[in-house]
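The values are calculated or read from the model by the stated rules, or taken from the named source; none is laboratory data. Keep in mind that this is a model prediction, so the values were computed, not measured. Because the Cβ atoms are built from the backbone with ideal geometry, glycine has one as well, and the counts that use them run over all protein chains shown. Just the protein is used for accessible areas: all its heavy atoms, side chains included, with ligands, DNA and RNA removed. Shrake-Rupley method; radii C 1.70, N 1.55, O 1.52, S 1.80 Å.
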Amino acid sequence: MYSLAPKGQVLWEEHELGEPGLITVDVFQKDVRALKDPGTTFAKLKVGDYVFAAREHIVVVEEKRVADLLTSWKSRRLQRQLRRIKQANPDGINILALRASGSVPSLNEMLWLDAPAELSLDLLKWQALGGLLGFLPHYPQGVLDTLK
């Protein structure tokens, strides 16, 4: 479970993930990791792709690109991931952030035109449970700028 230390560090159970003001990025986010941004630290996160403290709250962001969103939704992995995020950060801010792929994403992908209507219902359920839905730019520096 995520928690906030008295000095503002984000903890996973008893392990410190990062200093106050830093974004902890999952090591599997290779394009963002390659930027070597001084405002980030990297760890193998158990839950979420990005974690940081915003004032008195912990923010957990699960990033999904179109293809991964559809695949993980169909296999029910998305629903399990969102449930784990809510359990790991029950009083925090939890965001499912959608991100287009590639250096120049297609218009269909940017508008999420390939998503089935049933997926929209599951995304509404996520919001009804207190989760947030957001969008991230397709390019890595834009992701960090948006999170900051």
>> For the list (1) farther than 24 Å from Arg99 by Cα; (2) small (Gly, Ala, Ser); (3) assigned to a strand (DSSP E or B), I need the number of the one condition that Gly8 fails.
In response: (3)
> If Leu35 satisfies every condition in (1) modelled with pLDDT under 90; (2) farther than 20 Å from Leu96 by Cα but one, which is the exception?
Replying inline: (1)
>> Need the failing condition index for Val61 against (1) touching a Leu at 6+ places or on another chain (Cβ under 8 Å); (2) part of a loop (DSSP other than H, G, I, E, B); (3) within 17 Å of Phe135 (Cα to Cα), just the number.
In response: (2)
>> Cβ-Cβ under 6 Å, sequence separation 6+ or interchain: first residue in the stretch 1-22 and more than 19 Å from Arg84 (Cα to Cα) and surrounded by 12 or more Cβ atoms within 10 Å (Cβ to Cβ), partner of a type in the set (Gly, Ala, Ser) and modelled with pLDDT under 85. Which pairs?
In response: Pro20/Gly8
>> Being buried (at least 17 other Cβ atoms within 10 Å of the Cβ), out of contact with any Lys or Arg (no Cβ under 7 Å at 6 or more places or on another chain), outside any strand (DSSP E or B) and at pLDDT 95 or above: is that true of Ile95 here?
In response: no
>> Condition check: open to solvent by 40 Å² or more (accessible area, probe 1.4 Å) and aromatic (Phe, Trp, Tyr). Does Phe52 satisfy that?
In response: no
